[in-house]
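So the structure is just underneath, and the comments pick up after that.
The values are calculated or read from the model by the stated rules, or taken from the named source; none is laboratory data. All figures in this text were calculated on a predicted structure; none of them were measured in a lab. Note that each Cβ is placed from the backbone with ideal geometry, even for glycine, and that neighbours are counted across all protein chains shown. The area values use the complete protein model at the heavy-atom level, side chains included, leaving out ligands, DNA and RNA. Shrake-Rupley method; radii C 1.70, N 1.55, O 1.52, S 1.80 Å.
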Amino acid sequence: MSGHSEVVFRFLAEPTDVNFGGKVHGGIVMKWIDQAGYACAAGWSGSYCVTVSVAGVRFKRPILVGQIVEVSAQIAHTGKTSMQIFIRVRCGDPQKQSLVESNHCIISFIAMDKAGYPVPVPQFKPKTEEQKKLELYAIKMKEIAIETESLLQRTIED
Ligand SMILES: CC(=O)SCCNC(=O)CCNC(=O)[C@H](O)C(C)(C)COP(=O)(O)OP(=O)(O)OC[C@H]1O[C@@H](n2cnc3c(N)ncnc32)[C@H](O)[C@@H]1OP(=O)(O)O
């Protein structure tokens with residue numbers, strides 16, 4: 001299965017996924033994002049992977065119980081040991097054709113060896129114009145995630 005750059009999950013939002021207002025919990029959406037991202041990262045690298053950061057996460061509209069949910073994960077950029085994965089969550093009435101975007105983000109995974117050390121990943125080479133633009137966005141998001149971390153360190157040290 002190694003070498004696949006895209007994974008799509010489709011399922012129904014269940015009553016156990018929703019909060020008191022009938023909308024799917026943000027934490028549940030994050031779990032789906034992490035799972036689809038993991039499946040994509042593990043499939044691309046052929047290794048066990050761990051989540052290192054999530055950047056640019058946006059909750060655009062609520063997901064309702066009974067709606068069909070589609071979580072797509074695609075490799076947007078690869079570093080030496082990291083993979084930046086673009087996630088798009090869409091939802092809609094299962095009786096209709098159209099889905100609307102509810103969430104998106106860039107989630108970063110690191111491929112690990114059996115001893116728990118980062119290992120190199122196969123390099124992703126964008127082919128289409130859309131993939132090339134997405135890669136630039138993913139590189140920026142990775143930089144922002146790392147810069148955010150060092151900003152916090154500087155803030156705590158100050
Ligand atoms: C599937 C799951 O849910 S797993 C459970 C949740 N995740 C975890 O438990 C992971 C816990 N974290 C860790 O174990 C460690 O922080 C690790 C292994 C992920 C990274 O360890 P570090 O020593 O910080 O990594 P290191 O400095 O070697 O960098 C490794 C890569 O991470 C990248 N990286 C570091 N910080 C970030 C960040 N904030 N965002 C994105 N990438 C980052 C580096 O740029 C490097 O990428 P590259 O090899 O492509 O250039």
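Data for the structure
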item	result
Subset of segment 121-152 (residues that are open to solvent by 70 Å² or more (accessible area, probe 1.4 Å), within 11 Å of the ligand (Cβ to nearest atom) and of a type outside the set (S, T, Y))	Q123, E143, I144, I146, E147, E149, L152
Near pairs, Cβ below 6 angstrom, 6+ apart or cross-chain, from segment 129-151 (over 13 Å from C105 (Cβ atoms) and among the basic types (K, R)) to any residue that is surrounded by 15 or more Cβ atoms within 10 Å (Cβ to Cβ) and modelled with pLDDT of 95 or more	K132/P126
Yes/no for I68 being among the aliphatic types (A, V, I, L, M), more than 13 Å from C105 (Cβ to Cβ) and open to solvent by 10 Å² or more (accessible area, probe 1.4 Å)	yes
Of all residues in segment 75-88 being crowded, with 21+ Cβ neighbours inside 10 Å and within 23 Å of F59 (Cβ to Cβ), the one that is nearest to the ligand (Cβ to nearest atom)	Q84
Number of the condition not met by D34 [criteria: (1) open to solvent by 20 Å² or more (accessible area, probe 1.4 Å); (2) more than 9 Å from the ligand (Cβ to nearest atom); (3) modelled with pLDDT of 95 or more]	(2)
Residues of segment 94-120 satisfying the condition of being within 16 Å of the ligand (Cβ to nearest atom), over 18 Å from D34 (Cβ atoms) and open to solvent by less than 70 Å² (accessible area, probe 1.4 Å)	D113, G116, V119
Contacts under 8 angstrom Cβ, first residue in segment 26-41 being polar (S, T, N, Q), partner crowded, with 21+ Cβ neighbours inside 10 Å, 6 or more apart	Q35/V71
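Okay, residues lined up against (1) in a strand (DSSP E or B); (2) among the hydroxyl-bearing types (S, T, Y); (3) without any contact (Cβ under 8 Å) to a residue 60 or more places away in the chain:
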{"position": "C49", "(1), (2), (3)": "yes, no, no"}
{"position": "R61", "(1), (2), (3)": "no, no, yes"}
{"position": "I85", "(1), (2), (3)": "yes, no, yes"}
{"position": "R88", "(1), (2), (3)": "yes, no, yes"}
{"position": "Q123", "(1), (2), (3)": "no, no, yes"}
{"position": "Q153", "(1), (2), (3)": "no, no, yes"}
